[in-house]
Amino acid sequence: MTKLSDILDENSVKAIAKESIKIGNVYRIKMDEKNGIKPKAGDSSRNKYFIVLGFDSEGNAYGGVIINSNINQKIPQSMKDCHIPVKCSKYGFLDHDSFVDCSKLKTARIEKFGKWQFLGIFSLEDVQLITATIKESPNETKEHLALFGL
């Protein structure tokens, strides 16, 4: 599969990203510790489903949350409470029922947009629920949320 980054220069990819990325869009993107994702042992990154919730004032970075197959049972209950179940029957791009991790806002840089795979769009109602949940997370700060307009 040819990716945008294979055929366009970085400025063109950024321009397309700024015009096409919308709140509620879901992308499959490669994430690592720089994005707040801990890769599995022996891996440098993981492919995650990323839901866009906001963007910085320059439009160069996007804040969002990820979708996990399960809730990590080793985390504190307060973090487990920040996970919202989503059904694959509602979002056909999901392989199975999953959980939106609203415990901490993750960041994706626009430079990587050409490698992202668009999957679909979350409903406005679900985006509002996710946003409200992340605003209540004990792991999040008002300042960090404000960077992305939340």
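Quick notes on this one:
- Helix 124-135 axis, angle to the chain major axis (alpha carbon atoms, nearest 10°): 70
- The Rg/Rh ratio for region 110-150 is 1.06, where Rg is the radius of gyration of the alpha carbons and Rh is the Kirkwood radius.
- Among the listed pairs K38/K106; K34/K74; K38/K74; K38/K87, those whose Cα-Cα separation exceeds 20 Å are K34/K74; K38/K87.
- Rolling a 1.4 Å probe over the heavy atoms of the protein chains gives the chain an accessible area of 58 Å² per residue.
- Rounded accessible area of Y27 (nearest 10 Å², 1.4 Å probe): 10
- Solvent-free Debye scattering, log10 I(q)/I(0), computed from the Cα coordinates of region 61-150 at q = 0.11, 0.26 Å⁻¹: -0.33, -1.42
- Taking only protein heavy atoms and a 1.4 Å probe, the accessible area of the chain is 50% carbon and sulfur.
- Quotient of the Cα radius of gyration of the chain and 2.2 N^0.38 Å, N being its number of residues: 1.02.
The values are calculated or read from the model by the stated rules, or taken from the named source; none is laboratory data. Nothing here was measured: the structure is a model prediction, and the numbers come from that model. Only protein heavy atoms, including side chains, enter the accessible area calculation; ligands, DNA and RNA are left aside. Shrake-Rupley method; radii C 1.70, N 1.55, O 1.52, S 1.80 Å.
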